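Undergrad: I have a structure here, written as structure tokens, and I will follow up with some questions on it.
The values are calculated or read from the model by the stated rules, or taken from the named source; none is laboratory data. Everything quoted here is computed from the prediction, not taken from an experiment. No Cβ is skipped: glycine too gets one built from the backbone with ideal geometry, and neighbour counts run over all protein chains shown.
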Amino acid sequence: MQDEALQRRLDTVWRMESPRLVARLMRMLGDLDSAEELAQDALVAALEHWPQQGVPDNPAAWLMTTAQRRAIDLLRQRRLHAGKHEALAQEPEWQGSVVRDHEREVEDDIGDDLLRLLFVACHPALPADARVALTLRLLCGLSTAEIARAFLLPEPTIAQRIVRAKRTLAERRVPFEVPRRKALPQRLRSVLEVVYLVFNEGYAASHGEDWMRPALCEEALRLGRVLAGLMPASAPVLGLLALMELQASRLAARTDAQGAAVLLMEQDRGRWDWLQIGRGQAALEKALALGGDDDIYVLQAAIAECHARARRAEQTDWSRIAQLYARLASVAPSPVVELNRVVAVARAQGPHVAWPLLQALHGDGRLHGYAPLEAVRGDLLAQLGRDVEARAAFERAAALSGNAREREALLARAAAV
């Protein structure tokens, strides 16, 4: 039992501290593979020493110091192999930090290292799926097997993505730095997209038997909170954090006791996490104060906050939501945003007003084979009293869905019509 307790504690420390270890080692060594390898070496050393010597008072500091010492040894070997014998006094400034008390100095710049690592993992040179896999590996401390399970993909597929991503970063010689001011908006957008992709896959799984994968939501939220701590004056960062906090507050109410999907308007709002809603509202308020009114994440957070304000479904301010979707569509035109606006308009003004808007979207090829389009069509047809057509639309939506729980919900709606 003692060994199991130690293993659990070590697993927890590793999940929390491995991103910091890799970030620091990446700055020292300049290459991801070596950084990951030495971080793992520090973990192995803990497994060897802690059972005999006991868990140190500050296990995170122990891991960091061990990893840094090994990094310095590796750098010395590299210098010798390169035939360079400069005095150790000429070594970089960080080498002396290893012999000082870790607790006094390591937090001074570790936040910058984490931010650099996040920008490297989310580099636009990488495909979106590779950015997601690398971010979960480096910034969330997930193993390749855990990432594969989360996305219902074979482990070799995820491993290949990670290897290719690292190779691309090495070939492009991507610097370990926060982008210069001119490049920051584009690069930050890439980071935020990856974090939100991870969250969305957890919130509404695209494939598989489960309606949600809460662990992915938790990892995305952790990344969002880290990012907000590192960039507290960024409206987009705070907007995304607000959006995720507000949406995650509904997780407990999104399924029933049997795991079946429960749609927003049917949820027991007493099961929503009102403390988390408060955190989301506070982040949204800060984002708006920073001038983020037209940021896409701030606008989506404002929509989520409209739902959060309604203690009962019938109190939802659908007119305000429709206005926010219209604004979002003007800032970031998208057929998916327009589809969501159709739903809001139908709630605010009735199905007769929303129907022409939906018909216009049916001609957009980008929504071909998109299950939510058929689901919204079924909903409007049901409201219009066209039951036979509504049932067919719900059945088409079910056939297009890749998620088993979503299919069940859509077929139940078809049967109810």
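Undergrad: Suppose the filter is among the aromatic types (Phe, Trp, Tyr) and not in a loop (DSSP other than H, G, I, E, B); does PHE176 pass it? Walk me through how you get there before you give the answer.
TA: Details: among the aromatic types (Phe, Trp, Tyr): yes; not in a loop (DSSP other than H, G, I, E, B): no.
Here the answer is no, as PHE176 does not meet what is asked.
Undergrad: Does region 265-275 hold any residues that are in a helix (DSSP H, G or I) and either charged (D, E, K, R) or under 24 Å from the mean Cα position of the chain (by Cα) (or both), and which are they?
TA: GLU266, ARG269, ARG271, TRP274, LEU275
Results for (1) under 22 Å from GLY239 (Cα atoms); (2) among the charged types (D, E, K, R), shown as yes or no for each residue.
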| site | (1), (2) |
| --- | --- |
| ARG311 | no, yes |
| GLU314 | no, yes |
| TYR325 | yes, no |
| VAL342 | no, no |
| LEU380 | no, no |
| ARG386 | no, yes |
| ALA397 | no, no |
| SER401 | no, no |
| ARG407 | no, yes |
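Undergrad: Could you list all residues from region 243-263 that are of a type in the set (D, E, K, R) and modelled with pLDDT of 95 or more? Quick ask: steps written out before the conclusion?
TA: Within region 243-263, the first condition is being of a type in the set (D, E, K, R), and the residues that meet it are 245, 250, 254, 256.
The answer is GLU245, ARG250.
Undergrad: Can VAL237 be described as touching a Phe, Trp or Tyr at 6+ places or on another chain (Cβ under 9 Å), more than 16 Å from ALA205 (Cα to Cα), in a helix (DSSP H, G or I) and not assigned by TED's automatic domain parsing to the domain that holds VAL198? Let's see the steps before the verdict.
TA: Values: touching a Phe, Trp or Tyr at 6+ places or on another chain (Cβ under 9 Å): yes; more than 16 Å from ALA205 (Cα to Cα): yes; in a helix (DSSP H, G or I): yes; not assigned by TED's automatic domain parsing to the domain that holds VAL198: yes.
Judged against the criteria, VAL237 is a match.
Undergrad: State which residue pairs qualify: first residue modelled with pLDDT of 90 or more and inside region 150-173, second residue assigned to a helix (DSSP H, G or I) and of a type in the set (Val, Ile, Thr) in any location, beta carbons under 7 Å apart, and separation of 6 or more residues or different chains.
TA: Final answer for the pair search is GLU155/THR144; ILE158/THR144; ILE158/ILE147; ALA159/THR144; ILE162/THR144; LEU169/VAL120.
Undergrad: So, one more: Restricting region 178-204 to residues that are closer than 16 Å to CYS217 by Cβ and among the small types (Gly, Ala, Ser), which is surrounded by the fewest Cβ atoms within 10 Å (Cβ to Cβ)?
TA: ALA204
Every residue, every condition in (1) of a type in the set (Ser, Thr, Tyr); (2) surrounded by fewer than 19 Cβ atoms within 10 Å (Cβ to Cβ), yes or no:
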residue: ALA354; (1), (2): no, no
residue: ALA360; (1), (2): no, yes
residue: ARG366; (1), (2): no, yes
residue: ALA375; (1), (2): no, no
residue: ASP379; (1), (2): no, no
residue: ALA397; (1), (2): no, no
residue: SER401; (1), (2): yes, no
residue: GLU406; (1), (2): no, no
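Undergrad: Being crowded, with 17+ Cβ neighbours inside 10 Å and either in a helix (DSSP H, G or I) or touching a strand residue (DSSP E or B) at 6+ places or on another chain (Cβ under 7 Å) (or both) is the filter here; which residues of region 240-253 pass it? Spell out how you get there, then give the answer.
TA: Pass one, region 240-253, residues crowded, with 17+ Cβ neighbours inside 10 Å: 240-251, 253.
Answer for region 240-253, where residues must be crowded, with 17+ Cβ neighbours inside 10 Å and either in a helix (DSSP H, G or I) or touching a strand residue (DSSP E or B) at 6+ places or on another chain (Cβ under 7 Å) (or both): LEU240, LEU241, ALA242, LEU243, MET244, GLU245, LEU246, GLN247, ALA248, LEU251, ALA253.
Undergrad: For ARG366, indicate whether it is at pLDDT below 95 and within 25 Å of PRO236 (Cβ to Cβ).
TA: Numbers: at pLDDT below 95: yes; within 25 Å of PRO236 (Cβ to Cβ): yes.
In short, yes.
Undergrad: Another question, then. One residue is enough: does region 220-227 have a residue meeting the conditions of a type in the set (Val, Ile, Thr) and assigned to a helix (DSSP H, G or I)?
TA: yes
So that you can scan it fast, the table gives a plain yes or no per residue for (1) at pLDDT 95 or above; (2) assigned by TED's automatic domain parsing to the domain that holds SER18; (3) loosely packed, with under 14 Cβ neighbours inside 10 Å:
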residue: SER206; (1), (2), (3): no, no, yes
residue: MET265; (1), (2), (3): no, no, yes
residue: LEU275; (1), (2), (3): yes, no, yes
residue: ALA287; (1), (2), (3): yes, no, no
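Undergrad: Would you mind stating whether ALA235 is crowded, with 16+ Cβ neighbours inside 10 Å and of a type in the set (A, V, I, L, M)? Walk me through how you get there before you give the answer.
TA: Values: crowded, with 16+ Cβ neighbours inside 10 Å: yes; of a type in the set (A, V, I, L, M): yes.
Here the answer is yes, as ALA235 does meet what is asked.
Undergrad: Moving to a separate point now. Would you check if there is a residue in region 301-314 being closer than 23 Å to GLY402 by Cβ, touching a residue at least 24 places away in the same chain (Cβ under 8 Å) and surrounded by 14 or more Cβ atoms within 10 Å (Cβ to Cβ)?
TA: Residues of region 301-314 closer than 23 Å to GLY402 by Cβ: none.
Checked against the condition, which is being closer than 23 Å to GLY402 by Cβ, touching a residue at least 24 places away in the same chain (Cβ under 8 Å) and surrounded by 14 or more Cβ atoms within 10 Å (Cβ to Cβ), region 301-314 yields no hits at all.
Undergrad: Give the residues of region 140-149 that are in contact with a Leu (Cβ under 7 Å, 6 or more places away or on another chain) and modelled with pLDDT of 85 or more, sorted by residue number.
TA: Hit for region 140-149 is ILE147, nothing else.
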